[in-house]
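First the structure, in the form of structure tokens, and then the observations on it.
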Amino acid sequence: MNIIVQKFGGTSVSTHEKRMLVIEKIVKAKKQGYLPVVVVSAMGRKGEPYATDTLISLIDKDFKIENPQAADLLMSCGEIISTVVMSNELNNKNILSVPLTGGQAGIITDNNFGNAELKETKIQNLMDILKEGKIPIVAGFQGLSEKGYITTLGRGASDLTAAILGVALNAEKVEIYTDVDGIMTADPRMVSKASLIKQISYNEVFQFADQGAKVIHPRAVEVAMKGNIPLVIKNTLSDSEGTIIDNLGSMQGENVITGITSLDNRVQVKVRINRENNYNDIFSVLAHNSISIDLINIFPKETIFTIDKEDRIKFDEIMNAFKLTCEYVEACSKIAIIGSRMKGMPGVMARILKALTKEDIEVLQTADSHMTIWCLVESKNCIKAINALHKEFKLG
Ligand code: ADP
Ligand code: ASP
Ligand code: MG
């Protein structure tokens with residue numbers, strides 16, 4: 001069987017007109033000889049009635065935290081609604097389909113509500129539906145625990161559902177349809193001159209996704225890479241060829257930098273802790289409280305790192321308990337400059353600093369790995385910084 005998994009994001013299924021474009025993509029795949037398995041997200045974005053953010057806003061924050069199982073049940077509804085509406089639209093075009101929850105599609109997870117991990121995929125239902133000549137329409141972002149409770153797989157994880165099914169069904173490829181032409185050199189909402197990346201490796205795109213580029217979920221990239229299934233990111237609203245994500249990606253192109261992304265809501269912390277006043281204890285307590293720290297620089301007299309803004313209150317409590325005073329730079333953004341060809345290439349950091357200095361942007365911290373250079377800047381400078389770097393590396 002020549003199976004293709006096609007995932008349509010929230011904006012792609014938000015209106016009748018857009019769902020007609022979705023149907024065109026499904027029909028095209030069928031004409032090309034594929035058996036499509038469709039995955040859908042909840043309709044629309046924040047503020048729209050069935051979007052995940054809207055559903056979760058119906059309950060109190062404290063109730064959500066204390067009752068993650070109930071929160072998952074509520075959040076799963078958006079995708080379930082989408083499957084039935086999509087199936088209705090297909091039916092009106094005389095195309096037979098079967099709407100399914102994640103559990104009915106065979107996605108079995110652990111009990112970690114809100115961020116469940118896959119345990120196994122039981123593909124029998126999907127195979128039976130395909131054999132009957134019908135199209136399964138699967139609710140993304142959700143699974144079923146072994147005890148039969150609905151779980152969710154983490155925000156933005158409908159992409160992950162598509163990748164999981166692609167691997168389990170041994171699909172030829174997984175297409176992720178969204179509201180941009182594919183993976184761009186930077187978020188087109190921030191950089192108007194961002195250009196389309198036609199082919200990119202799993203590793204590079206994982207960095208993009210992990211460092212803030214919302215366009216694809218990092219775990220979807222991991223799953224597809226392990227299963228060696230190509231991912232193709234496409235635009236529901238255009239006929240763009242999109243971006244192919246596979247193992248060959250990094251061989252393409254000549255530019256040392258592939259693209260730039262950023263993570264907001266970082267807070268820089270400077271604290272006078274060192275070996276003598278036992279930073280080991282402090283780091284252990286932070287870890288025990290699930291506070292993840294990043295961009296860590298340890299000097300003889302002080303330690304500098306970043307935390308997520310969400311952890312700020314808990315972090316303050318811990319520092320107070322240790323009787324430590326900290327200096328903070330609130331509202332920082334961590335910019336990631338990504339490119340697998342920069343390894344061993346001299347001068348990249350010099351160009352980054354030159355471009356930022358020219359725009360009078362202060363770099364608060366940097367870090368690097370073989371594929372990525374990170375610069376911490378104040379969030380008010382983030383868009384200007386990304387545009388300056390984008391221009392410096394001629395990514396437009
Ligand atoms: P969907 O609802 O279809 O899953 P998302 O909002 O999750 O869509 O992801 C698409 C968005 O990702 C785009 O609208 C774009 O603003 C954002 N984005 C961030 N970085 C990039 C990038 N490098 N390339 C393309 N899109 C990006
Ligand atoms: N609807 C879910 C979310 O907003 C999953 C997704 O869109 O991929 O997180
Ligand atoms: Mg998404």
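Between the Cα long axis of helix 16-31 and the first principal axis of the chain there is an angle of about 70°, rounded to the nearest 10.
Of all DSSP beta bridges located in segment 159-286, what percent are antiparallel, nearest 5? Intermediate values should be presented prior to the final figure.
Details: 4 of 12 bridges.
Here the share of antiparallel DSSP bridges comes out near 35 percent.
Put simply, the amide H of residue 3, placed in the peptide plane, has neighbours under 5 Å in 35, 172, leaving out anything fewer than 5 places away on its chain.
Of the options 143, 71, 129, report the single residue whose Cα projects farthest towards the positive end of the charge dipole of segment 35-174 (beta-carbon charges: Lys, Arg +1; Asp, Glu -1). Positive-end residue among those listed: 129.
Pairs from the table (301/334; 301/354; 31/131) lying more than 19 angstrom apart at Cα are 301/334; 301/354.
Rounded to the nearest 5, the antiparallel percentage of DSSP beta bridges internal to segment 75-167 is 50%. Springs join every pair of Cα atoms under 10 Å in this Gaussian network model of the chain, and among 201, 145, 238 the largest mean-square fluctuation is at 238.
DSSP assigns beta bridges within the chain; of those with both partners inside it, close to 60 percent run antiparallel. 3J(HN,Hα) along segment 294-306, derived from phi through the Karplus expression 6.51 cos²θ - 1.76 cosθ + 1.60 where θ = phi - 60°, amounts to 8, 6, 8, 10, 9, 10, x, 10, 8, 10, 10, 7, 10 Hz, with x in place of Gly and Pro. What the pair-distance distribution of segment 1-105 shows, using all Cα-Cα distances binned every 10 Å from zero, is 14, 42, 28, 12, 3 percent. Distances between every pair of Cα atoms in segment 217-325, grouped in 10 Å steps from 0 to the bin holding the largest one, split as 11, 30, 19, 20, 16, 4, 0 percent. Farthest toward the positive end of the dipole of segment 213-329, out of 255, 321, 283, is the Cα of 321, where the dipole comes from beta carbon charges about the Cα centre. Per-residue ellipticity at 222 nm from helix content only, as computed over the chain with -39500 (n - 2.57) for each DSSP H run of at least four residues, stands at -10000 deg cm²/dmol.
Rounded to the nearest 20, the size of the Cβ-charge dipole of segment 302-382 about its Cα centre is 500 debye, with Lys and Arg at +1 and Asp and Glu at -1. Using a Gaussian network model of the chain in which every pair of alpha carbons under 10 angstrom is joined by a spring, one finds that among 243, 325, 161 the greatest mean-square fluctuation is at 325. GNM on the chain, alpha-carbon springs under 10 angstrom: the most fluctuating residue among 58, 35, 231 is 58.
When both segment 295-366 and segment 82-141 are represented by their alpha-carbon centers, they are found 43 Å apart.
What whole-number value in Å² describes the accessible area per residue of segment 192-345 for a 1.4 Å probe? Walk me through the numbers on the way to the answer.
Numbers: 8010 Å² over 154 residues.
Counting only protein heavy atoms, the per-residue value for segment 192-345 is 52 Å².
Shown are 341, 189, whose ranking by accessible area with a 1.4 Å probe and every protein chain present, most to least, is 189, 341.
Which net charge results when you count Lys and Arg as +1 and Asp and Glu as -1 among the other residues whose beta-carbon is under 14 Å from that of residue 323? Net local charge, residue 323 excluded: -2.
The values are calculated or read from the model by the stated rules, or taken from the named source; none is laboratory data. Note that the structure is a prediction, hence the values are computed from the model and not measured. Heads up, the Cβs are rebuilt from the backbone with ideal geometry, glycines too, and the neighbour counts pull from every protein chain shown. Accessible surface is based on the protein model in full, side chains and every heavy atom, while ligands, DNA and RNA are left aside. Shrake-Rupley method; radii C 1.70, N 1.55, O 1.52, S 1.80 Å.
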